[in-house]
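Q: One structure, as structure tokens, below. Some questions next.
Here, each number is a calculation from the coordinates, and none is a lab measurement. A quick note: this is a predicted structure, and the numbers were derived from the prediction, not measured. Don't worry about glycine lacking a Cβ; one is built from the backbone with ideal geometry, like all the others, and counts go over all protein chains shown.
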């Protein structure tokens, strides 16, 4: 089971609102410690909801990962082509040296 921020964000907001209302009722009944607990929980759930909203969506991460994989694939292909060109240049240079040695000396 995967963690979905889109599902948990509204839950965190509702829990924050419920605890804020609970803090109001506790203040009305003159229970400051009980109100402080509800206010703390409301703040904690509110901060959690904010963090869930800031987190990038999984589809964005997946899209970026696929783009990076494609770029790495292109770089690998470029590297293979460069290696082939280097091998070709080395063979041409080696043939030039060999033909220069076979000819008559002047």
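Q: Could you check the simple spin-label distance between residue 97 and residue 28, using points 7 Å along Cα→Cβ, in nm with one decimal?
A: 9.4 nm
Q: Ranked highest first by average number of other Cβ atoms within 10 Å, how do 77-88, 20-31, 35-46 line up? Don't skip to the answer; put the middle values down first.
A: Details: 77-88: 10.0, 20-31: 13.8, 35-46: 16.5.
For the peptides 77-88, 20-31, 35-46, the packing ranking is 35-46, 20-31, 77-88.
Q: Further question on the same structure: Taking the Cβ-Cβ separation of residue 2 and residue 65 as r and a Förster radius of 22 Å, what is the calculated FRET efficiency to the nearest 0.05?
A: On the way: r = 16 Å, r/R0 = 0.71.
FRET efficiency, residue 2 to residue 65: 0.90.
Q: Using helices alone, what [θ] at 222 nm do you get for the chain, with -39,500 (n - 2.57) per DSSP H run of 4 or more residues, divided over all residues and rounded to the nearest 500? Walk me through the intermediate numbers first.
A: Numbers: 3 runs with 92 residues, N = 106.
That comes out to -31500 deg cm²/dmol.
Q: Mind pulling the angle between the C-alpha long axis of helix 58-102 and the longest principal axis of the chain? Nearest 10 degrees, somewhere in 0 to 90.
A: Roughly 10 degrees, rounded to the nearest 10.
Q: Rounded to the nearest angstrom and ordered from largest down, what semi-axes does the equivalent ellipsoid of the chain get from its C-alpha gyration tensor (root of 5λ)? The partial results should precede the final answer.
A: Details: eigenvalues 1107, 32, 8 Å².
Gyration-tensor ellipsoid for the chain: 74, 13, 6 Å.
Q: Across 10 Å bins from the origin, how do the percents of Cα pairs in the range 1-55 run, short distances first?
A: With 10 Å bins starting at 0, P(r) equals 29, 41, 22, 8, 0.
Q: Roughly how tilted is helix 5-28, in degrees to the nearest 10 and between 0 and 90, from the longest Cα axis of the chain?
A: The angle comes out at about 30 degrees.
Q: With label points built 7 Å along Cα→Cβ from the Cα atoms of residue 21 and residue 40, find their separation and express it in nm.
A: It is 2.3 nm.
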